[in-house]
Amino acid sequence: MKANETIIVEEQLSAPISVVWDAITNLNSMKKWFFNNIPSFKSEVGFKTQFNVKSEERNFLHLWEIIEVVPSKKIVYNWKYAEYSGNSLVYFELFENINNTTKIKLTCKITESFSDDIPEFKTESCRGGWNYFIKQNLKNYLENS
């Protein structure tokens with residue numbers, strides 16, 4: 001993924017905005033659909049957390065910092081990895097629809113290029129990962145909660 005590249009994933013969710021907000025900001029909820037090994041999380045500007053994800057022989061120590069919060073509307077992470085160059089901003093934006101449904105828009109903006117040598121950092125992998133998390137995991141979590 002190269003600097004200035006942007007990936008956008010949108011999904012309509014059959015849940016009110018308050019429930020979706022809880023799913024993307026409450027640690028116990030996040031562990032059920034996002035990463036089950038997040039050690040701590042607060043939807044507060046300046047909050048930082050880190051956790052490792054292993055893929056084949058590679059470790060990806062995730063480094064997150066919350067840089068913007070608009071309750072029930074938007075949360076923005078600075079997202080990078082300890083072992084690799086590259087940096088991104090990840091936006092979760094919520095839009096209330098009629099009938100107590102919510103549109104989520106996930107935007108991943110690359111602010112510093114990631115290495116092309118690592119399969120997980122290819123654009124297709126990133127897009128596939130976000131589709132998996134938002135269109136499958138989050139949607140299934142909300143429908144079955």
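For the range 125-131, take each phi angle, set θ = phi - 60°, evaluate the Karplus expression 6.51 cos²θ - 1.76 cosθ + 1.60, and give the result in whole Hz per residue in order, putting x for glycine and proline.
Using θ = phi - 60°, the values come out as 5, 5, 4, x, x, 5, 4 Hz.
So for the pair Ser113, Glu5, with labels modelled 7 Å out along Cα→Cβ, what separation do we get in nm?
Using points 7 Å along Cα→Cβ, the separation is 1.0 nm.
What percent does the relative contact order of the chain come to when contacts are Cα pairs within less than 8 Å and at least six residues apart?
This gives 31 percent for the chain.
Label the range 51-98 by shape, choosing from rounded, prolate and oblate, from the square roots a ≥ b ≥ c of the eigenvalues of the Cα gyration tensor; if a/c is under 1.5 it is rounded, and otherwise prolate applies when a/b is larger than b/c, oblate when it is not.
Prolate.
If you take every DSSP beta bridge fully contained in the range 6-143, what fraction is antiparallel? Give it as a percent rounded to 5.
Of the beta bridges lying entirely in the range 6-143, close to 100 percent run antiparallel.
For percent of Cα pairs over 23 Å apart, one of [x] 32; [y] 46; [z] 52 was computed from the structure I shared and the rest are decoys. Which label?
Computed from these coordinates, percent of Cα pairs over 23 Å apart corresponds to label [x].
What is the gain in length, in nm to one decimal, between Lys31 and Glu143 on full extension, counting 0.36 nm per residue of separation less the C-alpha to C-alpha distance?
38.7 nm
Can you compute the FRET efficiency between Asn100 and Val70 using 1/(1 + (r/R0)^6), with r the Cβ-Cβ distance and R0 = 30 Å? Round to the nearest 0.05.
Once rounded, the FRET efficiency stands at 0.90.
Put +1 on the Cβ of every Lys and Arg and -1 on every Asp and Glu Cβ in the chain; which of Asn52, Pro39, Ala82 then has its Cα farthest towards the positive end of the dipole?
Working it through, the farthest residue towards the positive pole turns out to be Pro39.
Read the figures in this text as sums done on the coordinates, not as results from a lab. Given the structure is predicted, the values throughout are model-derived calculations rather than measurements. As a convention, Cβ positions derive from the backbone with ideal geometry for all residues, glycine included, and neighbour counts pool all protein chains shown.
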